[in-house]
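Undergrad: What follows is a structure written as structure tokens; I'll ask about it next.
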Amino acid sequence: MTRHGRAPYPPSLRRCCGTVCLSLNAAWADATLDRIKQRGKVPIGVLVGGSLFGSIDPVTQQPVGWNPELARDLARRLGVEAELVPVQPSNRVQFLQQGKVDLLIASMEYNP
């Protein structure tokens, strides 16, 4: 019995569900990577909260810092151009869900 008073799912069902979920995520990731390569650029959301991790340069109005540099390096390694999209904690997940960005480089907390 689990803490909810119900019997846990059988191991075979858990393995099957896990395999299906991993397969779907892998297929989705492959489709995203194919789309990135086809476009020749990748929109990457970078958190620019004013710290060393990321901020907006007052002269160039471009994102600078560790997060933007990591994003540019990742795009370079993928062989595409980086399109940096400044995000805030309040909109970063929505941007990802809405397809405004394909990747996020930002700190996240786990709050169960």
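Every read-out reported here was derived from the displayed coordinates using simple, explicitly stated rules and does not represent laboratory data. Note that the structure is a prediction, hence the values are computed from the model and not measured. Cβ: placed from backbone, ideal geometry, glycine included. Neighbour counts: every protein chain shown.
Undergrad: Considering only the other residues whose Cβ falls under 10 Å of the Cβ of residue 102, what net charge follows from Lys and Arg at +1 and Asp and Glu at -1?
TA: The answer is +3.
Undergrad: Where does each of 69, 81, 109 land when they are ranked from fewest to most other beta-carbon atoms within 10 angstrom? Write down the numbers at each step before the final one.
TA: Numbers: 69 16, 81 12, 109 5.
Listed from fewest to most nearby Cβ atoms, that is 109, 81, 69.
Undergrad: I want the local charge near residue 74. Using Cβ-Cβ distances under 14 Å, sum +1 for each Lys or Arg and -1 for each Asp or Glu among the other residues.
TA: Result for the neighbourhood of residue 74: 0.
Undergrad: Obtain the nm distance between the two label points defined at residue 31 and residue 108 by a simple spin-label model: each point lies 7 Å from its Cα along the Cα-to-C-beta direction.
TA: Computed distance between label sites residue 31 and residue 108 equals 1.9 nm.
Undergrad: In what sequence do 56, 44 fall when counting other Cβ within 10 Å, fewest first?
TA: 56, 44
Undergrad: For residue 84, which sequence-distant residues (separation of 5 or more, or a different chain) have an amide H within less than 5 Å of its own amide H, given hydrogens modelled in the peptide plane?
TA: Placed amide hydrogens put 44 under 5 Å from residue 84.
Undergrad: Let me ask something else about it. Which of 102, 57 comes first, and how do the rest follow, when ranked by fewest Cβ neighbours within 10 Å?
TA: Result, fewest neighbours first: 57, 102.
Undergrad: Turning to a different aspect of this structure: Under the rule a/c < 1.5 gives rounded, and otherwise a/b versus b/c splits prolate from oblate, where does region 40-112 land using the Cα gyration tensor?
TA: Oblate is the answer for region 40-112, as a/c is 1.5 or above yet b/c matches or exceeds a/b.
Undergrad: Tell me the net charge near residue 42. Cut-off is 11 Å between Cβ atoms, residue 42 excluded, with +1 for each Lys or Arg and -1 for each Asp or Glu.
TA: Working: positive: 35, 37, 39, 41, 72, 76, 77; negative: 81, 83, 102.
Summing Lys and Arg as +1 and Asp and Glu as -1 gives +4.
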